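First up is the structure itself, then whatever we jot down about it.
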Amino acid sequence: MGKHVDGHSYMQKVRLIRKIDDIPELKNRLIDIAETKSHKDMSRYSLLLAEHILEVSGVERDAAIDEAFAINEKWQAGEATFHEARQVAFMINRLAREEKDPVKVKVLRAMGQVAATPHVRWHALIASDYAVTLINLLHPGDMDAVRRERERQIELLNSV
């Protein structure tokens, strides 16, 4: 396997989240599992993760979030292109920049990654990192909450 925490392979294609209180060994385990999964598996994982993020955050689905789910599902069915997925991701990221509620910002950032997963599979792992930043926001300094989040992500990824 490649390098992980400091410049692991998936970060060569997607942007690093700079400020995150995390548990590196669990993040590395998630990455190791992801390296065994297909692009469609990662896409399916991102949808499971998106449902989990909505549950944890209490944020309601809206049109933009629905579109993140829809483009991912359409791509899996062969009914959408990588370019279409990127366009949805860009739209959601614009909304995140305009959003004032910090919890909704984290959720939208994660949903943008879910929408982008059809374009590059590693966006699913960036969505996982955004889920951890959401936990950091909801439970400041609570590394047990972070551990539970990463363990849940590993469980979700193993399920696809």
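The values are calculated or read from the model by the stated rules, or taken from the named source; none is laboratory data. No experiment lies behind these values; they were computed from the predicted model shown. Heads up, the Cβs are rebuilt from the backbone with ideal geometry, glycines too, and the neighbour counts pull from every protein chain shown.
Below, the figures for the structure above:
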| quantity | calculated |
| --- | --- |
| Failed condition for Glu60, given (1) in a helix (DSSP H, G or I); (2) closer than 21 Å to Glu149 by Cβ; (3) modelled with pLDDT of 95 or more | (1) |
| Any pair with Cβ under 7 angstrom, 6 or more apart, that starts in the range 57-81 at a residue that is over 21 Å from Trp122 (Cα atoms) and in contact (Cβ under 8 Å) with a residue 40 or more places away in the chain and ends at one that is charged (D, E, K, R) and in a helix (DSSP H, G or I) | Val59/Lys104 |
| Any hit, the range 152-160, residues being closer than 19 Å to Arg29 by Cα, hydroxyl-bearing (Ser, Thr, Tyr) and surrounded by fewer than 20 Cβ atoms within 10 Å (Cβ to Cβ) | yes |
| Some residue of the range 131-143 being closer than 17 Å to Val59 by Cα, surrounded by fewer than 22 Cβ atoms within 10 Å (Cβ to Cβ), out of contact with any Asp or Glu (no Cβ under 9 Å at 6 or more places or on another chain) and of a type in the set (A, V, I, L, M, F, W, C) | yes |
| Inter-residue pairs, beta-carbon under 6 Å, first closer than 18 Å to Asp32 by Cα and in the range 134-160, second among the β-branched types (Val, Ile, Thr) and surrounded by fewer than 20 Cβ atoms within 10 Å (Cβ to Cβ), 6+ apart | Arg147/Ile23; Arg150/Ile23; Leu157/Ile33 |
| Residue list for the range 85-106, restricted to those being in contact (Cβ under 8 Å) with a residue 24 or more places away in the chain and either surrounded by fewer than 24 Cβ atoms within 10 Å (Cβ to Cβ) or farther than 18 Å from Ile20 by Cβ (or both) | Ala85, Arg86, Val88, Ala89, Met91, Ile92, Leu95, Pro102, Val103, Lys104 |
| Selection status of Asp41, touching a helix residue (DSSP H, G or I) at 6+ places or on another chain (Cβ under 9 Å), modelled with pLDDT of 95 or more and in a helix (DSSP H, G or I) | yes |
| In the range 22-36, residue surrounded by the most Cβ atoms within 10 Å (Cβ to Cβ) [restricted to those that are touching a residue at least 40 places away in the same chain (Cβ under 8 Å) and not in a helix (DSSP H, G or I)] | Asp22 |
| Among the candidates Ile53, Ile65, Ile92, residue that is within 20 Å of Ser159 (Cβ to Cβ) and either over 15 Å from the mean Cα position of the chain (by Cα) or part of a helix (DSSP H, G or I) (or both) | Ile53 |
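Conditions tested, residue by residue: (1) closer than 21 Å to Asn93 by Cβ; (2) assigned to a helix (DSSP H, G or I); (3) more than 12 Å from the chain's Cα centre (by Cα); (4) aromatic (Phe, Trp, Tyr).
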| position | (1), (2), (3), (4) |
| --- | --- |
| His119 | yes, no, yes, no |
| Val132 | yes, yes, no, no |
| Ala145 | no, yes, yes, no |
| Gln153 | no, yes, no, no |
| Leu157 | no, yes, no, no |
